[in-house]
Amino acid sequence: MLNVLIQFIEFFESDLGLFAWVLDLLAKSLLLVFVVTYFEQNYTHSTSSHQKHKIWLIAIILLGFLPFSSALTEPFFQGLLPDTNLSIITVLVPINSGVSSGILTELSSHWVLMATATYLSVLLFHLSKLALSFCRIHILKRTIKISTQKAVLELLDKLRFELGISRKVDIGSSGSIRSPITFGVKRPIIALPADSRNWDISMYESVLLHELGHIKRHDWQVFIFSYLVASVNWFNPLVWHSLARLKLEAEFSCDNIVLKNNKSPKEFAEQILSIARNALGFERTELIVQSIIENSDLSLRVENILNQARPRRPRTALFVVIPLFSVLLMFALISSGNVFAIVDESDYPSENLRLLYMETPQYPQLALKRGIRGYTQVSFTVDASGNIEQQSVKVESSESNKFFKESSLEALNSFKFKPQMLRGKTIPTPGVRYTFRYNM
C-alpha cells in the first residue's frame with residue numbers, strides 16, 4: 001500500500017499536467033454551475049420551471065463540452081485576446097530532479113494506462129445501467145394491461161388535445177409498479193399501478209396531466225441524452241448535480257401544468273402524498289422513466305406546489321435572455337483560458353536588472369577649464385518597463401556638486417534598462433545606484 005502511495009505521488013510529481021487539468025476542469029465547472037444557480041435563486045419569482053429546465057439542460061451540454069472547450073473556442077478568440085493560455089491561478093514548480101527520464105516515462109505510461117482503464121470501466125458501468133434499464137422497460141411493457149375503461153380513455157384524449165399532443169398515447173396498468181411512470185418515443189405509454197382502478201376522476205386527471213406534461217416536453221428523451229453526457233463525464237460531480245437539478249425542474253414544470261388546469265394546490269399535494277404512501281417499501285429499479293414520485297424530491301415538490309396557486313411566468317423575455325446570455329458568456333470566458341494551471345518554473349525565467357543603453361555625460365566646460373575632477377552618485381527606481389521613475393531620483397553624494405550634478409541628471413534621462421524578471425514577470429527595482437565619475 002505504501003509503495004502504491006509513493007508511486008502515486010511520484011506520478012503527479014512527474015506529470016502535474018493531468019492533475020492541473022482535473023483541477024482546472026472542476027474549477028471551470030464550479031464557475032459555470034455557480035452562474036446557473038445564482039440566476040435560479042435570484043430569478044425564482046420571474047422565471048418558470050420550464051425555462052429553468054432549459055437553462056440546466058444547456059449547462060449540462062456545456063459541461064459536457066468543457067473538457068474540449070479550449071480547442072473549440074480558440075479560433076473565435078484569436079486576435080481578441082493577447083494570450084489564449086491565460087490563467088487565474090498559476091503554480092510554478094521546479095524541474096523534476098532525482099528521477100531518471102526512463103523511470104519517469106515508464107511510470108507515466110503505467111499510470112496513463114491505469115487512468116484510461118479506470119475511466120473506461122466506470123463509463124461502461126454507467127452505460128450498462130442504461131442498457132439494463134432498457135431491458136427492464138421492455139420486460140415491464142409485457143406486464144402492462146392496456147386500459148379499456150371508456151371514461152379514462154376519453155379523459156386521456158381530452159387532455160392530450162388540450163395540451164396539443166399529436167402523438168398517440170397508450171395507458172395501462174401493471175402490478176410491477178407502485179407509482180405512475182411514462183416512457184416511449186413514437187407511441188409513449190403511461191403506466192399506472194394496479195390499484196389505480198380505485199382512483200376517482202380527479203386523481204386520474206392530475207396524474208394524466210402530469211404524465212402528459214412529460215410527453216409534451218420530451219422529458220424522457222432529454223433525460224436519456226443528459227444521462228449519456230453525465231456518463232461520459234462521470235468524473236465531474238457537477239455534471240451529476242446538474243442532472244439532478246434538470247430532473248427536479250422537469251417535475252416542477254409538469255406539476256405546474258397540473259396547477260395551470262385549475263387544480264387546487266392543496267388537493268394536488270394530497271394526491272401526490274397519497275401515491276407516495278402506497279409506494280412505500282417498493283423498490284423501483286427502472287432508471288430511464290419519468291415517474292410522478294421521486295422520494296428524494298418529494299418534499300421539495302410538495303413545497304413548490306403549496307407555494308404557488310398558479311405556475312409562475314416570466315414578466316418579460318429579458319428574464320430568460322439574461323441568465324442564458326450569462327451562462328454562455330461564462331462558458332466562453334473560461335474556455336479561452338485556465339482557472340488553474342501548473343507550469344514548469346523553467347518556462348518562467350528570472351533575470352537581474354541590466355543596463356541596455358546610456359549616453360556619456362558631458363564634462364562641464366567650466367570644470368574642464370579649471371581642471372576640476374569629481375563624481376555624482378544617484379539612486380532611483382527602475383519600473384517594470386525598464387524606465388527610470390523620475391520622482392524617485394535622488395543625489396546620494398557628490399564631489400564638486402555644483403559642477404557635475406546637472407550634467408549627471410541630464411545623462412540619467414537617457415538610461416534604458418532591461419527590467420528585472422522574477423518567474424517570468426517583469427517587476428520594478430527600487431534602490432538602484434549609479435555613480436558618474438568625471439576624470440581629466
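Take the Cβ-Cβ distance between Lys141 and Phe161 as r, set R0 to 22 Å, and report the resulting FRET efficiency rounded to the nearest 0.05.
0.30
Just the projected area, averaged over all directions, of the convex hull on the alpha carbon atoms of the range 133-315: how many nm²? Walk me through the intermediate numbers first.
Values: hull surface 44.2 nm².
Here the figure is 11.0 nm², rounded to one decimal.
Which of the lysines could a cross-linker bridge to Lys418, judged by Cα under 23 Å and excluding same-chain residues fewer than eight apart?
Within the straight-line limit of under 23 Å, Lys418 reaches these lysines: Lys394.
Taking the highest mean first, how do the peptides 171-183, 268-280 order by number of other beta carbon atoms within 10 angstrom per residue?
Ranked by mean Cβ neighbours within 10 Å, highest first: 171-183, 268-280.
What order do you get for Met114, Met330 when you list them from fewest to most C-beta neighbours inside 10 Å? Don't skip to the end; give the middle numbers.
Numbers: Met114 12, Met330 19.
Lowest count first: Met114, Met330.
By counting other Cβ atoms within 10 Å of each Cβ, how are His210, His50 ranked from fewest to most? Intermediate results must be reported in sequence, preceding the final value.
Working: His210 26, His50 20.
By the 10 Å Cβ count, ascending, the order reads His50, His210.
Using Cβ contacts closer than 10 Å as the measure, can you line up Phe252, Phe65 from fewest to most?
On the way: Phe252 22, Phe65 15.
Listed from fewest to most nearby Cβ atoms, that is Phe65, Phe252.
For the pairs Lys54/Lys145; Lys141/Lys216; Lys129/Lys263; Lys129/Lys158; Lys168/Lys247, flag any whose C-alpha to C-alpha distance is greater than 29 Å. Write down the numbers at each step before the final one.
Numbers: Lys54/Lys145 34 Å; Lys141/Lys216 21 Å; Lys129/Lys263 37 Å; Lys129/Lys158 36 Å; Lys168/Lys247 24 Å.
In this structure, Lys54/Lys145; Lys129/Lys263; Lys129/Lys158 lie more than 29 Å apart at Cα.
What FRET efficiency would be calculated for the residue pair Leu366, Leu422, taking the C-beta separation as r and a Förster radius of 41 Å, to the nearest 0.05?
Details: r = 45 Å, r/R0 = 1.09.
My answer for the efficiency is 0.40.
Each label point is 7 Å from the Cα along the Cα-to-Cβ direction; what then is the distance between the points at Arg197 and Thr37, in nm?
For the pair Arg197/Thr37, the computed spacing is 4.8 nm.
When the Cα centres of the range 176-205 and the range 52-69 are compared, how far apart do they sit, in Å?
Between the Cα centre of the range 176-205 and that of the range 52-69, the gap is 32 Å.
Compute the signed sum of charges (Lys and Arg +1, Asp and Glu -1) over the other residues within less than 12 Å, Cβ to Cβ, of Thr360. Walk me through the intermediate numbers first.
On the way: positive: Arg437; negative: Glu359, Glu410.
The answer is -1.
Assuming 0.36 nm per residue, please report the length gained on full extension of the stretch Glu351 to Glu410 beyond their Cα-Cα distance.
Values: separation 59, 0.36 × 59 = 21.24 nm, distance 2.78 nm.
18.5 nm is the gain from fully extending Glu351 to Glu410.
Residue separation times 0.36 nm, minus the C-alpha to C-alpha distance between Leu132 and Ile322: what's the value?
The span from Leu132 to Ile322 would gain 64.4 nm if fully extended.
Any idea what diffusion coefficient the range 208-277 gets from Stokes-Einstein, in µm²/s, Kirkwood Rh on alpha carbon pairs, 37 °C, 0.692 mPa s?
Details: Rh = 13.5 Å.
Value of D from the Cα-based Kirkwood radius: 244 µm²/s.
No lab work stands behind these numbers, since they all come straight from the coordinates. None of the values given here were measured: they were computed from a predicted structure. In this analysis, Cβ positions are derived from the backbone assuming ideal geometry, glycine residues included, and neighbour counts consider all displayed protein chains.
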